[in-house]
Amino acid sequence: MEKKKPIKRHKALQPLSRQHHFGLLFSWKIRKGFSKNIETNRLQEYAKWFYEQEIKPHFRDEEEYLFPIMAPGNELVERALKEHRRIKRLFTNTDDPEKSLHQLEEELDAHIRFEERVLFNEIQKVATAAQLAKIEEIHSELGKHPEYHDPFWE
């Protein structure tokens, strides 16, 4: 079996990749919550908090600073934007919270893996030194990840 090499992420993109790690943890925590039969409203409260604290600013940064590096209409960026819209809807859907949370943990996980394994690699290939420097400057203030008050997954 061939062992995959770890992805060498440019320093400017590392803060966004770390945020992706928190997104994968979010999906794991929701799965863990369901496996422990945690009340849906508790999971939903966590999802609301995570959306405001992590997803909204992360998507804004990607859409404003990262995606424009690629040519207009780039199919990978178009896919990412479509997935962003879908994920936002899942985070904000209150019609069937349990179903939305199940879909959300799956789709967010798949979306992050697509961005990390495919889109970010392509962006790294075409980004200029000036574009990467600008992204690095914008993300230099990213600090400690805030803790959520109800660790239901433990």
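For the reader, a short list of remarks on this structure follows.
- Among the residues of region 93-109, those that are assigned to a helix (DSSP H, G or I) and surrounded by fewer than 19 Cβ atoms within 10 Å (Cβ to Cβ) comprise Pro97, Glu98, Lys99, His102, Gln103, Glu106, Glu107, Asp109.
- Set Ile87, Ile112: member being in contact (Cβ under 8 Å) with a residue 40 or more places away in the chain, under 29 Å from Lys36 (Cβ atoms) and open to solvent by less than 60 Å² (accessible area, probe 1.4 Å): Ile112
- Within region 17-40, if we keep just the residues that are modelled with pLDDT of 95 or more and open to solvent by 90 Å² or more (accessible area, probe 1.4 Å), the residue that is nearest to Thr94 (Cα to Cα) turns out to be Glu39.
- Some residue of region 128-137 being surrounded by fewer than 14 Cβ atoms within 10 Å (Cβ to Cβ), in contact (Cβ under 8 Å) with a residue 60 or more places away in the chain and either touching a helix residue (DSSP H, G or I) at 6+ places or on another chain (Cβ under 6 Å) or closer than 19 Å to His58 by Cβ (or both): no
- Restricting region 1-16 to residues that are hydrophobic (A, V, I, L, M, F, W, C) and not in a helix (DSSP H, G or I), the residue that is modelled with the lowest pLDDT: Met1
Rundown of residues vs (1) without any contact (Cβ under 8 Å) to a residue 12 or more places away in the chain; (2) open to solvent by 70 Å² or more (accessible area, probe 1.4 Å); (3) farther than 16 Å from His111 by Cα; (4) in contact with a Leu (Cβ under 7 Å, 6 or more places away or on another chain), yes/no style:
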position: Tyr51; (1), (2), (3), (4): no, no, no, no
position: Pro72; (1), (2), (3), (4): yes, yes, yes, no
position: Leu81; (1), (2), (3), (4): no, no, no, no
position: Phe91; (1), (2), (3), (4): no, no, no, yes
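- Only a single item in (1) touching a residue at least 40 places away in the same chain (Cβ under 8 Å); (2) surrounded by 12 or more Cβ atoms within 10 Å (Cβ to Cβ) is not met by Gln14, and it is number (1).
The values are calculated or read from the model by the stated rules, or taken from the named source; none is laboratory data. Not measured: the values here are computed from a predicted model. Note that we place each Cβ from the backbone using ideal geometry, even for glycine, and neighbour counts take in every protein chain shown. Calculation scope for accessible area: heavy atoms of the full protein, side chains included, ligands and nucleic acids excluded. Shrake-Rupley method; radii C 1.70, N 1.55, O 1.52, S 1.80 Å.
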